[in-house]
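**Student:** Next up is a structure, given as structure tokens.
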Amino acid sequence: MDLKFTQQELAFQQEVRDFLNVSLPEHICAAVRSGAELPRTVLQEWHEILGRKGWLGTTWPREYGGPGWTPVERYLFDVECNRACAPRIVPFGPSMLGPVIQNFGTQEQKDSILPRILSGEDWWAQGYSEPGAGSDLASLKTRAERDGDHYVVNGQKTWTTLGQHANKIFCLVRTKKEGKPQEGISFLMMDIPLPGLEVRPIRLIEGGYEVNEVFLDNVRVPVSNLVGEENKGWTIAKFLLSHERTNIAGVGISMQTLEEVKSLARRMIRKGKPLIEDPLFAARIARVEIDLEAMKITNLRMLYQAQKQGHPGPETSILKIKGTQVSQELRDLARRALGPVAAPFPGTITEANLMFGPLNSEANAATYFNNRKTSIFGGSNEIQRNILTKAMLGL
């Protein structure tokens, strides 16, 4: 494959830059640069801006209201958005459920669900993980029993990201106990709130409220909310996870973080000279930059392959593993560059007690701690290695 962008792709890249220069509000950029947890109002505003442009469903074909971008164009859009400090699109509706409905949903589901995702009327959450079923997702125990035209759902979901903002949730539920664990799972959508459904917050190590527990106690869900066939949800789950893992890799955001770390290292003085001139620190930056360049090329190769076959393959596990490693290394470098200023708690640095570094540096510690999760969620990196061993090496 040719790793150089075509003239058409370069023109598209310029179109994205021009759009961001005109349409991305400064207060949204400032919120992203601060490193603080973004409120729904900011995320919603950005979604609406993209929705009016027709750029919210970045993976969607034109027939469903998307821009019909190629995988390379989606990559360029992601890179430019991160460079401009735009928020990442909340993926659960546009990047996860949308493609699922397009590929597995009924016509009625396509007509009712897809437009509401693009308009921002519905915010979706993902109900996959459970207290005893994280990376071993097939062992999930939340059950859905048929009762006439409804399923009665009982169980618990955990690590439900941004569930506090959602008015809808899609869940994997067990509809059959016999046979292999994967053979008795179904994909079910439900409203928030519903009688018997409760969302409870989980506070994270850096103090943020990003994830939740969801408790389901005799929740009645219409059978029409089933996506695909009953007991065939594992196929849909794997399809969705391939999209999620590509998204987790975060090539664009790591490129932007690398530039921020370099800028920080030029400003921070150690032993009378900029930290960037310290041989050990410079070597770590060089090592992670090489890894990031290799990941960019790997990402482009996979995008090229996905463009030919129409969907991501098991190779997305490579991106998930390496992407999280690069991201965590960059956050560690930023924390080490700041030294004493990498305060662990927001609000502890003021103009009065600031001795070193930029005033907004307190967000780096929170980001560092929050970022430890990335090698676990979406299927832990250990599980990703098992997937690669089985799917690509046949072992």
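The values are calculated or read from the model by the stated rules, or taken from the named source; none is laboratory data. Bear in mind the structure is a predicted one, so any value in this text is a computation, not a measurement. Using ideal geometry, Cβ is built from the backbone for each residue, glycine included, and neighbour counts are taken over all protein chains shown. Side chains are part of the model used for accessible areas, which takes the heavy atoms of the whole protein and leaves out ligands, DNA and RNA. Shrake-Rupley method; radii C 1.70, N 1.55, O 1.52, S 1.80 Å.
**Student:** Tell me, which longest segment in the chain has none of the trypsin sites (Lys or Arg not before Pro) that fall in DSSP loops with at most 12 further Cβ atoms within 10 Å?
**Tutor:** Counting at most 12 other Cβ atoms within 10 Å as exposed, the longest clean stretch of the chain is 5-176.
**Student:** Sum up the charges of everything whose Cβ sits under 14 Å from the Cβ of Arg116, counting Lys and Arg as +1 and Asp and Glu as -1, but leave Arg116 out.
**Tutor:** After counting each charged neighbour, the total is -4.
**Student:** With +1 on each Lys and Arg Cβ and -1 on each Asp and Glu Cβ, how big is the dipole of the chain about its Cα centre, in debye rounded to the nearest 20?
**Tutor:** For this selection, approximately 1040 debye.
**Student:** Working from Cα positions, state the angle (0 to 90°, nearest 10) between the long axis of helix 233-249 and the longest principal axis of the chain.
**Tutor:** Helix 233-249 sits at roughly 10 degrees to that axis.
**Student:** If the reach is capped at under 30 angstrom between alpha carbons, list the lysines near Lys180, excluding any in the same chain fewer than eight residues apart.
**Tutor:** The qualifying lysines are Lys141, Lys157, Lys168, Lys232, Lys238, Lys320, Lys373, Lys390.
**Student:** Just want to confirm a number: the relative contact order over the chain, from Cα pairs under 8 angstrom separated by 6+ residues, in percent.
**Tutor:** RCO, the chain: 14 percent.
**Student:** Report, in degrees rounded to the nearest 10, the 0 to 90 angle that the Cα long axis of helix 251-267 makes with the longest principal axis of the chain.
**Tutor:** 20 degrees
**Student:** Run lengths n ≥ 4 of DSSP H only: what is the helix-derived mean residue ellipticity at 222 nm for the chain, with -39500 (n - 2.57) per run over all residues, to the nearest 500?
**Tutor:** -15000 deg cm²/dmol
**Student:** Calculate, in nm to one decimal, what Asp332 and Gln7 gain on full extension: separation in residues at 0.36 nm each, minus their alpha carbon distance.
**Tutor:** Once the chain is fully extended between Asp332 and Gln7, it gains 113.3 nm.
**Student:** To continue, here is another question. So which GluC sites (Glu not before Pro) in the range 78-175 pass both tests, a DSSP loop state and at most 13 other Cβ atoms within 10 Å of the Cβ?
**Tutor:** Within the range 78-175, the qualifying GluC sites (Glu not before Pro) (loop, at most 13 other Cβ atoms within 10 Å) are Glu121.
**Student:** Solvent-accessible area per residue for the chain at a 1.4 Å probe radius, Å²?
**Tutor:** 48 Å²
**Student:** Can you list the cysteines of the chain that have no other Cys Cβ under 4.7 Å away?
**Tutor:** Those would be Cys81, Cys171, since no other cysteine Cβ in the chain comes under 4.7 Å of theirs.
**Student:** While we're looking at this one, here's another question. Mean-square fluctuation check for the chain, GNM, Cα pairs under 10 Å: which of His150, His47, His27 is largest?
**Tutor:** Sorting by GNM fluctuation, first place goes to His27.
**Student:** May I ask for the angle, rounded to the nearest 10°, between helix 71-83 and the longest principal axis of the chain, with both axes built from Cα atoms and the value confined to 0 to 90°?
**Tutor:** With both axes taken from Cα atoms, the answer is about 50 degrees.
**Student:** Oh, and also: Please check: in the Gaussian network model of the chain (C-alpha springs, under 10 Å), which one of Leu241, Leu333, Leu38 has the largest mean-square fluctuation.
**Tutor:** Leu38
**Student:** Further question: Please check: in the Gaussian network model of the chain (C-alpha springs, under 10 Å), which one of Gly233, Gly184, Gly196 has the largest mean-square fluctuation.
**Tutor:** Gly196
**Student:** Return the FRET efficiency for the residue pair Glu198, Arg220: r is the Cβ-Cβ distance, R0 is 22 Å, and the value is rounded to the nearest 0.05.
**Tutor:** 0.90
**Student:** What Kirkwood Rh does the range 193-267 have if only Cα atoms enter the pairwise 1/r average? Answer in Å.
**Tutor:** 16.9 Å
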